[in-house]
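Sharing a structure, written as structure tokens. Questions coming.
The values are calculated or read from the model by the stated rules, or taken from the named source; none is laboratory data. All values derive from a computational prediction rather than experimental measurement. We place every Cβ from the backbone using ideal geometry, glycine too, and count neighbours over all the protein chains shown.
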Amino acid sequence: MPRNTAEFLPSITGIGAQQWNALGAAANPFMRHEFLLALEHSGCTGAAAGWQPRYLVLNDAAGPAAAVASFIKTHSYGEFVFDFAWARAYERIGRRYYPKLTVAAPFTPAAGPRLLVRADLDRTVYSDLLLAELERRSGATGLSSVHALFLDEPARAACAARGWLLRRDCQFHWANRGYADFAAYLATFTADKRKKVRRERRRVADAGVRFETRSGRELDEALLERVYALHRDTFLRHGHEPYLTVEFFAAIARTMPESLMVKLALHGRTVVAAAIFFVGTDTLYGRYWGAAADYHSLHFETCYHQGIEYCIERGLARFEPGTQGEHKVSRGFEPAFTWSAHFIADANFRAAIAEYLAEEGAAVAAYAHDVQAHVPYRGRRDADLLP
């Protein structure tokens with residue numbers, strides 16, 4: 001086996017941005033050093049937030065060889081993989097579920113690399129070393145479990161090989177099949193679904209709403225404050241503060257301007273709504289939105305149709321608009337599986353959770369295949385689900 005030293009860093013500042021990003025994080029905006037640093041410096045992560053950073057780094061003679069972004073969690077908020085019932089089960093018999101260790105891009109329900117390995121090394125070997133070290137550290141510090149969320153395929157395979165429990169969920173994603181423009185995309189719909197989308201878009205245009213696209217570098221302080229206020233109001237109307245702060249977005253606009261994109265909906269010169277996106281190498285990620293006025297179909301246009309049009313214009317392969325929402329299906333999004341993996345230290349709880357996950361996984365698979373029968377595309381209702 002390779003000879004390495006392991007560090008459990010309490011801050012991403014313990015490793016340089018170039019070194020971290022070179023481990024394979026650069027292609028995914030939510031694993032980049034700049035993203036994680038902005039979370040720390042803005043107070044979105046940290047002990048006070050219940051997201052205490054623990055960056056596992058394996059070093060060899062050439063420097064950082066592999067790494068994991070993990071966090072000691074004292075709650076389960078901001079994860080989007082719900083384990084509250086597991087925590088209650090622990091509490092009912094007087095056991096502690098928290099703290100636990102979570103491997104994730106905080107507050108981000110999007111799959112991506114979780115086991116970072118330098119390109120010149122054997123990914124399978126070093127992924128296994130990282131997972132083994134996470135297991136060892138969690139046991140040594142009395143943590144109940146380790147949870148790796150929204151895994152890319154290499155990480156899912158590595159976790160499965162070590163016997164971690166796999167959990168499947170369903171989101172709705174859009175795939176770019178080489179459309180020349182939005183009209184060519186709509187031409188693949190059935191007639192009734194095509195009319196519905198055209199009607200939605202026409203309602204917004206007839207209301208006098210137009211759209212502008214801004215990258216991070218095109219967001220001055222006043223505009224960023226306006227966009228954030230709209231986003232925050234959406235959270236407040238659901239009874240809680242947003243996970244991310246305006247200071248976080250200001251840092252992202254400054255350090256990752258090409259990865260941040262905002263769609264502004266304007267009526268005259270007034271911003272009446274905005275949607276916040278992140279842009280990866282080949283994927284657009286929808287994140288947050290907010291509106292100051294109630295225009296018919298404005299949410300669908302701002303968050304979905306505008307995002308699809310952006311992907312077509314720039315040749316992006318995928319659009320992942322976030323969690324939930326069967327209403328996305330009629331607008332061209334298809335069911336796609338997401339995966340998490342769970343290392344449960346207690347053998348009895350591990351067996352019980354494994355049984356639950358088997359039943360849940362079958363239900364999720366049946367649900368996804370049922371939804372696939374309702375996609376708007378001609379000839380795709382019996383197609384395989386998106387990868």
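Quick one: in region 130-142, of everything that is hydrophobic (A, V, I, L, M, F, W, C) and surrounded by fewer than 21 Cβ atoms within 10 Å (Cβ to Cβ), which residue is modelled with the highest pLDDT?
A132
Please state which of the following conditions D169 fails to meet, knowing it meets all the rest: (1) assigned to a strand (DSSP E or B); (2) at pLDDT below 95; (3) not hydroxyl-bearing (S, T, Y).
Among (1) assigned to a strand (DSSP E or B); (2) at pLDDT below 95; (3) not hydroxyl-bearing (S, T, Y), D169 violates only (2).
Considering region 146-166 alone, what residues qualify as being part of a strand (DSSP E or B) and surrounded by fewer than 23 Cβ atoms within 10 Å (Cβ to Cβ)?
Within region 146-166, L165, L166 meet the criteria.
To keep it simple, each residue is scored yes or no on (1) in contact with a strand residue (DSSP E or B) (Cβ under 9 Å, 6 or more places away or on another chain); (2) assigned to a strand (DSSP E or B); (3) of a type outside the set (S, T, N, Q); (4) not assigned by TED's automatic domain parsing to the domain that holds T13.
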residue: L39; (1), (2), (3), (4): yes, no, yes, no
residue: R54; (1), (2), (3), (4): yes, yes, yes, no
residue: V57; (1), (2), (3), (4): yes, yes, yes, no
residue: S70; (1), (2), (3), (4): yes, yes, no, no
residue: E79; (1), (2), (3), (4): yes, no, yes, no
residue: Y90; (1), (2), (3), (4): no, no, yes, no
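May I pose another question? Any chance you could count how many residues in region 314-336 are under 21 Å from the mean Cα position of the chain (by Cα) and crowded, with 17+ Cβ neighbours inside 10 Å?
Counting residues in region 314-336 that are under 21 Å from the mean Cα position of the chain (by Cα) and crowded, with 17+ Cβ neighbours inside 10 Å gives 14.
Restricting the search to region 219-234, which residues are touching a residue at least 24 places away in the same chain (Cβ under 8 Å) and either of a type outside the set (S, T, N, Q) or assigned to a loop (DSSP other than H, G, I, E, B) (or both)?
Within region 219-234, L219, E221, L223, L224, R226, V227, A229, L230, H231, R232, D233 qualify.
Further, regarding this structure: Can you tell me how many residues in region 115-127 are assigned to a helix (DSSP H, G or I) and surrounded by fewer than 17 Cβ atoms within 10 Å (Cβ to Cβ)?
Counting residues in region 115-127 that are assigned to a helix (DSSP H, G or I) and surrounded by fewer than 17 Cβ atoms within 10 Å (Cβ to Cβ) gives 2.
Conditions tested, residue by residue: (1) more than 19 Å from the chain's Cα centre (by Cα); (2) within 27 Å of N28 (Cα to Cα).
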site	(1), (2)
F277	no, yes
G280	no, yes
R287	no, yes
G307	no, yes
I312	yes, yes
T338	no, yes
A341	no, yes
A354	yes, no
Y367	yes, no
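Continuing with the same structure: Could you say whether any residue in region 190-202 is of a type in the set (V, I, T), assigned to a helix (DSSP H, G or I) and out of contact with any Lys or Arg (no Cβ under 7 Å at 6 or more places or on another chain)?
no
Report whether or not G361 is at positive phi and either buried (at least 19 other Cβ atoms within 10 Å of the Cβ) or small (G, A, S) (or both).
no
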